[in-house]
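The values are calculated or read from the model by the stated rules, or taken from the named source; none is laboratory data. Note that the structure is a prediction, hence the values are computed from the model and not measured. As a convention, Cβ positions derive from the backbone with ideal geometry for all residues, glycine included, and neighbour counts pool all protein chains shown.
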Amino acid sequence: MGGLCACWFTTRTCRGRDGWHRRPGWRQRRSYRSHAPSTSSTGRCGQDGCHCRWWTGKSCLHAGCWVSSLVPTTFRRSQQSQTGALCSFGHHCGNLRGWRTPTTCSSTHSTRSNPSESCLAWLDKQLPCSVVLVSYGTVSDYDETQLEELGNGLYNSGKPFIWVVRSNEEHKLSDELRDKCKERGLIVSWCPQLEVLAHKATGCFFTHCGWNSTLEAIVNGVPMVAIPHWADQPTISKYMESMWGLGVRVRKDEKGLVTRDEVERCIKDVMDGDSKDKYRKSATMWMQKAKSAMQNGGSSDKNITEFVAKYSLS
């Protein structure tokens with residue numbers, strides 16, 4: 001496999017020329033990188049004679065080294081062609097088993113802090129499957145024009161919504177838009193996303209389609225509207241729309257703007273359109289597959305158990 005790095009697949013160790021060693025745990029952006037010898041240890045795992053670059057990954061695979069087990073954060077049925085191909089090369093695909101949905105999402109949940117308490121209490125007053133959760137990650141940055149279009153599109157959809165606007169972006173919202181949004185929804189700087197997605201009132205997730213957010217929507221059976229930005233997000237949103245049938249992607253205009261009409265169209269399509277039952281049926285099907293994989297004896301349960309047993313010290 002030459003100098004190909006599979007660092008985003010695996011665990012926080014690297015098998016260098018002198019055996020297994022840990023790499024620094026700092027997490028950067030996921031990507032494939034080719035390895036080239038360098039006199040500098042900057043951006044590398046630091047092991048003498050090892051040239052792996054630890055860009056976000058968990059383990060590195062460089063010339064002369066190999067990875068025997070991969071632990072992607074997924075479940076086998078969602079990506080059968082990919083995990084099957086990996087296993088055909090002799091890799092043990094140990095799927096992660098850690099996803100759990102909250103056992104209760106009523107306003108009396110005892111572990112809530114104040115921000116989540118007000119958010120979930122508001123959800124308790126909404127009709128089932130009526131609310132749009134809008135959250136597009138911790139990195140994505142919108143200008144005032146795009147936020148104005150997004151906010152007006154949410155309002156024009158006629159749906160109650162929770163819109164997560166990070167505190168460092170709140171100043172971009174006009175007073176007029178804030179007042180308008182108060183009539184129909186909440187603008188918050190943070191919300192307990194997994195609990196909100198698990199709430200019976202949530203009917204649509206307007207998301208950047210980062211992998212963790214997509215998995216949280218899948219395990220809770222929530223249809224999606226995707227507004228991807230970069231890296232793996234366009235690919236994931238394509239899978240979500242075309243292969244899994246869980247919703248739609250927004251389309252930008254000729255200026256690269258997602259207009260208020262497009263935001264409104266996508267939300268209405270997922271929640272009220274002719275295909276709404278198809279999206280909900282697909283979401284329910286994938287939720288059941290994901291939960292089945294995590295149960296005792298499921299594919300993720302078996303794989304992670306086998307992975308741990310393989311590397312446990314005797």
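Every residue in the stretch 251-283 that is of a type in the set (S, T, N, Q) and in contact (Cβ under 8 Å) with a residue 24 or more places away in the chain, please. Walk me through how you get there before you give the answer.
Initially, the stretch 251-283 is screened for residues of a type in the set (S, T, N, Q), giving 259, 275, 282.
Within the stretch 251-283, Thr259, Ser282 qualify.
Does any residue of the stretch 160-169 turn out to be in a helix (DSSP H, G or I), within 23 Å of the chain's Cα centre (by Cα) and closer than 23 Å to Pro234 by Cα? Before you say what the answer is, go through the steps one by one.
Restricting attention to the stretch 160-169, the residues satisfying the condition of being in a helix (DSSP H, G or I) are none.
No, there is no match, as no residue in the stretch 160-169 is in a helix (DSSP H, G or I), within 23 Å of the chain's Cα centre (by Cα) and closer than 23 Å to Pro234 by Cα.
When you scan the stretch 228-314 for helices (runs of 4 or more DSSP H) that lie fully inside it, which ones turn up with 2 or more residues that are within 17 Å of Thr207 (Cβ to Cβ)?
Working: elements: 233-238, 260-272, 276-294, 299-311.
Ranges flagged: 233-238, 260-272, 276-294.
Name every residue in the stretch 226-250 that is aliphatic (A, V, I, L, M) and touching a residue at least 60 places away in the same chain (Cβ under 8 Å), in order of residue number. Walk me through it before giving the result.
Restricting attention to the stretch 226-250, the residues satisfying the condition of being aliphatic (A, V, I, L, M) are 226-227, 231, 236, 240, 243, 246, 248, 250.
Ile227, Ala231, listed by residue number.
Output yes when any residue across the stretch 290-304 is among the hydrophobic types (A, V, I, L, M, F, W, C) and either at pLDDT 95 or above or in contact with a His (Cβ under 7 Å, 6 or more places away or on another chain) (or both), and no when none is. Reasoning before the result, please.
Restricting attention to the stretch 290-304, the residues satisfying the condition of being among the hydrophobic types (A, V, I, L, M, F, W, C) are 290, 293-294, 304.
Keeping just the survivors that are either at pLDDT 95 or above or in contact with a His (Cβ under 7 Å, 6 or more places away or on another chain) (or both) gives none.
Checked against the condition, which is being among the hydrophobic types (A, V, I, L, M, F, W, C) and either at pLDDT 95 or above or in contact with a His (Cβ under 7 Å, 6 or more places away or on another chain) (or both), the stretch 290-304 yields no hits at all.
Of the residues that sit in the stretch 291-307 and are touching a residue at least 12 places away in the same chain (Cβ under 8 Å) and more than 21 Å from Ala198 (Cβ to Cβ), which one is surrounded by the fewest Cβ atoms within 10 Å (Cβ to Cβ)?
Glu306
Please go through the stretch 129-161 and give me each residue that is among the small types (Gly, Ala, Ser), closer than 14 Å to Asp261 by Cα and crowded, with 17+ Cβ neighbours inside 10 Å, ordered by number. Before the answer, list the steps.
Going through the stretch 129-161, the residues among the small types (Gly, Ala, Ser) turn out to be 130, 135, 137, 140, 151, 153, 157-158.
From what's left, closer than 14 Å to Asp261 by Cα: 151, 153, 157-158.
Once the filter is applied, which keeps residues that are among the small types (Gly, Ala, Ser), closer than 14 Å to Asp261 by Cα and crowded, with 17+ Cβ neighbours inside 10 Å, the stretch 129-161 yields Gly151, Gly153, Ser157.
From the set of residues in the stretch 249-272 that are among the basic types (Lys, Arg) and under 21 Å from the mean Cα position of the chain (by Cα), which is surrounded by the most Cβ atoms within 10 Å (Cβ to Cβ)?
Initial filter on the stretch 249-272 (among the basic types (Lys, Arg)): 249, 251-252, 255, 260, 265, 268.
Narrowing the set further to residues that are under 21 Å from the mean Cα position of the chain (by Cα) leaves 249, 251.
Values: Arg249: 18, Arg251: 10.
Taking the candidates together, the pick is Arg249.
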